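Nothing in this text is a laboratory measurement; each read-out follows from the coordinates by a stated rule. Please read all numbers here as calculations on a predicted model, not as lab measurements. Here the Cβ is made from the backbone with ideal geometry for all residues, glycine too, and neighbour counts use every protein chain on show.
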Amino acid sequence: MMIKLTRRLLSTMGLLLPLMAIAMTPQQRQMFQNLSPQQQQMVMQQMEQQGTATGSGQEVERFPVMREKKSTAPAEVGKKELKRYGYDFFADAPNTFAPASDIPIPADYRIGPSDNIEIELFGSQNERYQLTVGRDGSVAIPSVGPLRVAGLSFSELRAKIERTVQQRFVGVNVAVNLGELRSIRVFVLGEAYRPGSYTVSALSTLSHILYLAGGVTEIGSLRNIELKRAGERVATLDLYDLFMRGDSSDDRQVQAGDVIFIPPIGESVAISGEVVRPAIYELSGQTTVAGLVEMAGGYTANAYPNRSRIERVGKQGRIEILSLDLTRQRDRQQRLHHGDLVQLVSVLDQLDGAVLSSGMVERPGVSQWYQGVRISDLFGSLDDLKPAADLTYGLIKRENSRERTIQVLSFSPREAILQPGSPDDLLLKARDEVIILAQDEQRRQQLYSVIEQIKQQRRGLERQQVVSVVGAVTHQGDYPFEAQMRVSYLVRAAMQLNPEADVEYALIQRESDNRKERRVIMVNILEALNSPGSAADVVLQPEDRLNIFYHSPFQGEEYYQRQLAAQQQLWDGRESKTAEERVVAQQQSGAISRSRAQQREAQAESELEKFSQQPTLLQREPTELVDRRLQVIADLNQQQSIAAAPPSLDLAERRQDSAMERAMDRWHHIELILLWLQEKLPPSAALPHFTIHGLVKYPGRYPLVDGADLMDMIHAAGGLTESAYPLAADLTRYSIVDNQQRQVEQQSIDLAQLFASGSEGPIVVKSYDVLQIKRMPEWFEQTVVSLEGEFRFPGSYVVREGETLTQLIERAGGLSDRAFLGGSFFSREQVKEKEQLRLEQMVQRMELDVAFAAQQRSSGGSGMNMEGYSILQDLLLKLRSVKAMGRVVINLESVLSGEVEDIRLKDGDRLIVPKRPQEVSVIGEIQYATSHIHHPDHDYRYYIQKSGGTTYRADESRIYIIRADGTIESTAGFWSNPPVLVGDTIVVPLDVERVPLLAIAKDVSQILADVAVSAAALTTIGVF
């Protein structure tokens, strides 16, 4: 109560300052004194804040009212908030308001000072006068004299002037009209948005003035607005009559000095549900339920008045419910009390005797149900479905009214429509919903609502009646489970396989009914689709998960081993940092708070400790270690969260799960399944799995399935590669003897017989079995070497094993006469990969140093100065853009002459022999890096001087020369003055000792010298 009173006082304060600023006339003072003490107090409180609102009389400019969006006495039914009726009428008022000036003058309009009277004489005398009523209330008519007209109505004025003229003149008639009318001042007090005094046209009515004042606040009354004149209430305006019935009979004209007073709102009731205007309504006198329904616009078409009710606060302060049947006269005449809430419910949503079609249909909606109706009866042809409809998989959602659950059946829309009466043309029941799914992204939205209903109806430990498919399908995700559902049905539900799908090896994840055991089942998708209902077409169980893998691009065993080595180096990099260094690195790279970075590091350490205690997961390949496993866990968590999320409106978000699956390599996907199996094993139990190495498409570790044989192992690994030895393989088997020692058994496998018969006798795969597929003898991958530049026949050449560089140059026709052997550039892919890895490690190390330097400066500690920090940032920026070249320095002239050992070529080798240059380049800490024509008589100092000399940051004691062949000559030492040859590059390095805390820059500078500077040197001799 106190809050409402405070709110009311704050909204009505506003007129004291205006009245103090305005010289009130004695009439206005008398009017103020005639108000009741309570009303006078309210006016005085308003005057403390509000300024006087004045205008031009004919047009008043007003600013939009900024209403506070608040809920006043909200009542919710069906989670829909009710608003007070009528208050939005003034919400969107225009910025200007001009009362109409071209309307007829009402007969009861009272004449006053400043009114303009138009008099026209015609007959024996024709004259026209425009006269203004003076302050004394009279008007002076020529040849007649003054007449007192103030206070007369317009009809009385016209009669008086006609009578006076006819008495003074013979044969003269008169016409009387009003011209421009006077402006009057009125007061708006009480619960208005802008209470104050207003200067308006004398034709203004109550509604005009309320419009100017911004309308009524939500705690003001719309049904009891008072018009006071000389202290007496002369009229009451009920805006409901105006809003609901268009009745403006009470919209009285105002007179000078009138007061429009808006009292607080009176008793109110609310009505919700199936009426045209559900809202909160103010009462005026005694109101019945029927009257309230009439105010709310009557019933909607879905209203069910037989089951209405009233919520009422009883005498004990508790909510009481009164049931009503509004079809009965007695209940319609039920009187309402302040605070009542009348609720009208709708007819039941269930469609008795009908079926519903939805989704990708041309005419969705309700159809009549009758005994024997089928799907084909709803759709006459395929043209009744939209072009984007899935013709192979549709759903029927059927209600079980006794158990309040739903059952989902699937069918083929094409078969049901084209073959009436077929098994797919199912019989329908009343209230069935036939859902035609879309082929595009809308499909997920359609399935989501059905799947959520199925999941929510699970009770206790019951299994959710859903299955899922992930991987190489068009629409992965959850699908309704049906009795005797098979793999081929689920693939059909997901629309189709991806062209890159592995159709010979898929896995079903299955959990036991007691949820204590997990296992996987191997499936040949191709056989399941070609032979539906066969043993290969495995019968699914609720909550099964079908994993269909992608055929990732073949990388080979060497690539696989390189990946493991790279992961090991990343792990070593993690171990080389302290916990604090890792936290700072995450904070800087991720732009996150320190607390968040600490949480991430703690989580990583927790997962590391957890999985380091599970040797059964890590015993095969220690090089993989935990960093990869942590990444797998993160991907698994992300995948589960995406799968559980509802479809987003953002198309990119809806495709995240598919993009993630495609980005994961085959090993990664298998590792997710291994982790899933491991979660339910006791701590001391070993994870059943087998391993396959060598010349298969996807070497690695795989989960063991019941009854798997050697062919299953090979299928799991994607089959043999082209270079695999097809006759024999090695099987290594581990067993425990007398629970005391581990025994290793090795066996040779006849692959030719295995592929011919499809089996290798009774050999069944056991846990920890390792199958090694050998490389075919004398098999070598194609080796391609590139020759560019000054060769007679440059290009790419396929070389044989052991072929040398000299032999390849002879095959290319030798060198041209313009070849510059001293500037030859020879690169090798393996060297390039090592250099790139070193660069990446250096960037990571330097980023950490920059982060520590920034933190030290921000904390006010001693650190490098701004110059050092700027240099370090600049070096880091340059280092990020550097790409390794993989150059191997050779003396091509010595190689071709036989003075040094010839070079055996490898795949990816590249030799560039440029034309003979004429320039010498100078780069580094000089004023202007440029190239100069070579002069054999000048040393390096000459070229540096020609480039403007060194900068103040130059280290002149470490100047060096990069020869055209890639070798480096130092100028250090008092007597050292190596000659400058054509094609050389002179490098003036940065003096890093000048900058504190920049020791790391030495290593960076060295790398930049080895790579970036080398690139500049190669440009000098024309290689690039």
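A few notes on this one:
- Separation of the GLN371 and ARG941 label points, Cα + 7 Å toward Cβ, nm: 11.8
- Between ARG880 and GLU362, the FRET efficiency from the beta-carbon distance, with R0 = 56 Å, is close to 0.50.
- Note, ³J(HN,Hα) from phi for the stretch 180-185, Karplus 6.51, -1.76, 1.60, rounded to Hz, x at Gly and Pro: 5, 8, 6, 9, 10, 10
- FRET efficiency estimate (nearest 0.05) - Cβ-Cβ, VAL737 to LYS680, R0 30 angstrom: 0.60
- Modelled label reach - ARG182, point 7 Å along Cα→Cβ, the stretch 129-158 residues with backbone N closer than 15 Å: 131-140, 147-154, 157
- Gyration tensor verdict on the stretch 381-446 (Cα atoms; rounded if a/c is under 1.5, prolate if a/b is larger than b/c, oblate otherwise): oblate
- Local net charge near GLU118, Cβ-Cβ under 13 Å (Lys/Arg +1, Asp/Glu -1): -2
- Prolate/oblate/rounded call for the stretch 688-779, Cα gyration tensor, a/c under 1.5 rounded: prolate
- Extension gain, GLN329-ALA756: 0.36 nm per intervening residue step, less the Cα-Cα distance, totals 144.6 nm.
- Cβ crowding within 10 Å, taken as a proxy for footprinting-reagent exposure, orders TRP779, TRP676 from fewest neighbours to most as TRP779, TRP676.
- Karplus 3J(HN,Hα) series, Hz, for the stretch 310-322 with 6.51 cos²θ - 1.76 cosθ + 1.60 (x for Gly, Pro): 10, 9, 9, 7, x, 5, 8, x, 10, 6, 10, 10, 10
- 13 Å reach of a label modelled at VAL764, 7 Å along Cα-to-Cβ, counting backbone N of the stretch 709-745: 709-710
- Full extension of the chain segment joining HIS338 with GLU81 gains 90.6 nm, where the gain is 0.36 nm per residue of separation less the Cα-Cα distance.
- Ranked PHE825, PHE690, criterion: other C-beta atoms within 10 Å, fewest first: PHE690, PHE825
- Proximal charge balance of GLU919 [Cβ under 15 Å; K/R count +1, D/E count -1]: +3
- Distance-filtered residues of the stretch 419-444 - backbone nitrogen under 17 Å, label point 7 angstrom along GLU399 Cα→Cβ: 428-435
- Low-density loop positions, GluC sites (Glu not before Pro), the stretch 682-767 - DSSP coil, at most 12 other Cβ in 10 Å: GLU722
- Contour minus Cα-Cα distance for SER796 and THR951 (0.36 nm per residue): 51.3 nm
- Label-to-label distance, SER248 versus SER531, with points set 7 angstrom from Cα along the beta-carbon direction: 8.8 nm.
- Centre separation in Å (Cα based) which lies between the stretch 923-994 and the stretch 301-362: 95
- A cut-off of 5 Å between modelled amide H atoms, ignoring neighbours fewer than 5 places along the same chain, links VAL473 with ASN498.
- Neighbour-limited loop hits for GluC sites (Glu not before Pro), the stretch 413-488 (at most 13 other Cβ within 10 Å; DSSP other than H, G, I, E, B): GLU441, GLU462
- GLY190 long-range amide H proximity, modeled H, under 5 Å: ILE262
- Among 792-800, 378-386, the peptide with the highest mean count of other Cβ atoms within 10 Å heads the list, and the full ranking is 378-386, 792-800.
- Residue exposure proxy: VAL470, VAL259, ordered by other Cβ atoms within 10 angstrom of their Cβ from fewest to most, comes out as VAL470, VAL259.
- Measuring r between the beta carbons of GLU232 and ALA159 and using R0 = 30 Å, the FRET efficiency lands at 0.60.
- Taken one residue at a time, the phi angles of the stretch 713-729 give Karplus couplings (6.51, -1.76, 1.60, θ = phi - 60°) of 4, 5, 4, 4, 8, x, x, 7, 8, 5, 8, 6, 7, x, 9, 8, 8 Hz. Gly and Pro are set to x.
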